[in-house]
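To start, the structure under review is shown below, and the notes come after it.
The values are calculated or read from the model by the stated rules, or taken from the named source; none is laboratory data. Note that the structure is a prediction, hence the values are computed from the model and not measured. Cβ placement follows ideal geometry from the backbone for every residue including glycine, while neighbour counts extend to all protein chains displayed. These accessible areas exclude ligands, DNA and RNA; they are computed on the full protein's heavy atoms, side chains included. Shrake-Rupley method; radii C 1.70, N 1.55, O 1.52, S 1.80 Å.
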Amino acid sequence: MKYISTRDAQARPVGFTDILLGGLAPDGGLYLPQEYPQIDAATLEAWRTVLAEEGYAALAARVIGLFIDDIPQADLAAMTARAYSTPKFATEAIVPVTDLEDGIKLAHLSDGPTAAFKDMAMQLLGELFEYVLAHRGESINILGATSGDTGSSAEYAMRGRDGIRVFMLTPAGRMSPFQQAQMFGLDDPNIFNIALDGVFDDCQDVVKAVSGDADFKAEYRIGAVNSINWARLMAQIVYYVSSWLRAAEPAAASAADQAQSAGAEAPAGQPQRVSFCVPTGNFGDVCAGHIARQMGLPIDRLIVATNENDVLDEFFRTGAYRVRGAAETQATSSPSMDISKASNFERFVFDLLGRDAARCADLFGAHVPAGGFDLADDPAFAQVGTDYGFASGASTHADRLATIKSCWFSAGVLIDPHTADGVKVARDFRAQHPDAAPIVCLETALPVKFADTIREAIGTQPPADTVPERFRDVLNAPRHVTDLPDDVDTVKNFIRQAID
């Protein structure tokens, strides 16, 4: 298995351990497999047995083993066993799937150490980083940006690990009090929190600028844990597979059962198709679903759910990818999605355009910095819904409140604002397509992280039985954070001083 850049497909393909620590490719592109491994119905049924009898960690070892051929399979299995274990995760299932209402299920991705779906990738990433660094006798300084949950997930996965420092940029004042407390409460000597004077996109731009300085990156051994890092998407593919296995009927189900549960789009005798609705701002979570679908996982639709910062919904409706600056990026009650420049979108467009690296480099290297691009008249855009299965929708603050309230009082299920964006868009899709395949909504975080919005929606704070014990006193912890201006050189100097 070799990897190529979205901006230079003709460059020498490289192995997994060669791209793990670096994040961006040297040309500024993002890494993807040279070819996606393929899975068939027999493999899926074998994996169904693995999930049932050996658990999520064993399934993860098999899935990521398709993408890694330069780490022994036994070592991968040991790493996934450590990453996906209890009590690190609250349930033995790791990612349970439950019914919410007719035709809509929830995949619970927030049972990890920081109560966010980012733990699903970060816990494995910590294992992979430590393993590769130890074998190479090297160290790394991770530079990341977070709009809410990536930062705490990365820090909790990397804290105390040998040879690793974490420098995490956050948009000052733009995260929930819980999210800030969870990150800034850490006092580990290898963790550095930086509150940048800007929005998430500014933080992300600084990370890219620092990573794009080849000399600085090499001298200070800069690595990445944001979703620009391929290993994160690879880890996220696993929960699409596990959620499909838990939501879909076994292949041996009768044709009548399949027709009843999957609609007319699932031919008799074929694996049942399932759709996924994914709240997303940076396109990382749903990009993993895109790759899973390209591998052959029987996904019907990938439904992108955005909040008021609807740059992705606008593209999937119109073909126009119009990035916005800080002044146009709204601060919303689903703050982790307050993003108007989706880094991982480049990976999908690379596939959409037939892996034309030169064109991809032009679109994302020249047009995006100038404001965006429009593919409405490109023949490839017609494939977005047909060949790639994408649909989209957007949600507002009022929608979030109404969705949280209805889920709580009708189903007894309390969801966070980002998950509410997903449920709202999934409901809209089902209303328009009543015979469509079942939809699995991907949960993003536990509601305790957004107590103010929950109180506004249901009239009270999140009930005590919905708040894990380990989070009861998180808001009372001392804060450890440095305020910096939105300036690349200032961030570089901070890193130099912390390391030297």
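Miscellaneous remarks
- Eligible lysines near Lys88 by straight Cα distance, threshold 27 Å, same-chain separation 8 or greater: Lys105, Lys118, Lys449
- Candidates Ala420, Ser410, Ala451 compared by Cα position along the dipole of region 403-463: farthest toward the positive end lies Ser410, with charges placed on Cβ.
- Here r is the Cβ-Cβ distance between Gln270 and Ala326 and R0 is 35 Å; the resulting FRET efficiency, rounded to 0.05, is 0.15.
- Charges were assigned to the Cβ only: +1 to each Lys and Arg, -1 to each Asp and Glu. The resulting dipole of region 37-175 about its Cα centre is roughly 560 debye.
- Region 22-147 shape via C-alpha gyration tensor axes, a/c threshold 1.5: prolate
- Residue (of Leu196, Val368, Phe315) at the positive-pole extreme of the chain, dipole from beta-carbon charges: Leu196
- Dipole moment magnitude, nearest 20 debye, region 101-157 about Cα centre, only Lys, Arg, Asp, Glu C-beta charged: 180
- Projecting the Cα atoms of Leu484, Ser275, Val97 onto the dipole axis of the chain, where Lys and Arg carry +1 and Asp and Glu carry -1 at the beta carbon, places Val97 farthest toward the positive end.
- Remark: the chain carries 35 Å² of accessible area per residue (probe radius 1.4 Å; ligands, DNA and RNA excluded).
- Helical content of the chain, expressed as a calculated mean residue ellipticity at 222 nm, amounts to -12000 deg cm²/dmol (DSSP H runs of 4 or more residues, -39,500 (n - 2.57) each, divided by residue number, nearest 500).
- Net lengthening on full extension, Gln383/Ser85 (0.36 nm per residue, minus Cα-Cα): 103.3 nm
- Percent of beta bridges antiparallel (DSSP, the chain, rounded to nearest 5): 30
- The magnitude of the dipole of region 361-500, with charges of +1 and -1 set on the Cβ of Lys/Arg and Asp/Glu and taken from the Cα centre, is near 700 debye.
- Accessible surface of region 45-94, 1.4 Å probe, proportion on carbon and sulfur as whole %: 56
- Where Rh is the Kirkwood radius over Cα pairs, Rg/Rh for region 86-151: 1.11
- When Thr17, Thr98 are compared by accessible surface with a 1.4 Å probe, the order from highest to lowest is Thr98, Thr17.
- GluC sites (Glu not before Pro) restricted to DSSP loop in region 118-206 with at most 16 other C-beta within 10 Å: Glu138
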